[in-house]
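Below: one structure, written as structure tokens.
The values are calculated or read from the model by the stated rules, or taken from the named source; none is laboratory data. All values reported here derive from a predicted model rather than from experimental measurement. Here the Cβ is made from the backbone with ideal geometry for all residues, glycine too, and neighbour counts use every protein chain on show. Just the protein is used for accessible areas: all its heavy atoms, side chains included, with ligands, DNA and RNA removed. Shrake-Rupley method; radii C 1.70, N 1.55, O 1.52, S 1.80 Å.
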Amino acid sequence: GYLAGILTTFAFLPQALRMIRTRQARDVSMTWAASMTAGVFLWLCYGVMKQSLPMISANGITLMLLFVILFVKIRDRGKHGS
């Protein structure tokens, strides 16, 4: 559980860092960002219900990274109207 959580969580790190660095999110789909954020939030809730530390930690960190991606996407959308 921990290894799967580490691999899937850190898969989001390069994208979040790139978006912070470039300050743009043109190539990221809003539908993807919003649905991924909602899905990971639900996995986090499920992990809390199951009292599964691997699920809670992996999805909690992933959710924070997705909030960064979603924030930059929303801000970028406002600038470019796309």
- request: Could you give me the residue pairs with C-beta distances under 9 Å whose first residue belongs to region 49-78 and is in contact (Cβ under 8 Å) with a residue 60 or more places away in the chain, whose second residue is of a type in the set (A, V, I, L, M, F, W, C) wherever it lies, and which are 6+ apart or on separate chains?
  value: none
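Out of all the residues in region 1-13, which are in contact (Cβ under 8 Å) with a residue 40 or more places away in the chain and either open to solvent by less than 90 Å² (accessible area, probe 1.4 Å) or hydrophobic (A, V, I, L, M, F, W, C) (or both)? Give the derivation first.
Restricting attention to region 1-13, the residues satisfying the condition of being in contact (Cβ under 8 Å) with a residue 40 or more places away in the chain are 1-2, 4-6, 8-9, 12-13.
The answer is G1, A4, G5, I6, T8, T9, F12, L13.
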query: Yes or no: S52 surrounded by fewer than 17 Cβ atoms within 10 Å (Cβ to Cβ) and within 14 Å of the chain's Cα centre (by Cα)?
result: no
field: Count of region 14-37 residues which are aliphatic (A, V, I, L, M) and surrounded by fewer than 13 Cβ atoms within 10 Å (Cβ to Cβ)
entry: 2
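Inspect region 45-52 for any residue being touching a Ser or Thr at 6+ places or on another chain (Cβ under 6 Å) and on the phi < 0 side of the Ramachandran plot and give the result as yes or no. Step through it out loud before you land on a result.
Going through region 45-52, the residues touching a Ser or Thr at 6+ places or on another chain (Cβ under 6 Å) turn out to be none.
Checking region 45-52: not a single residue is touching a Ser or Thr at 6+ places or on another chain (Cβ under 6 Å) and on the phi < 0 side of the Ramachandran plot.
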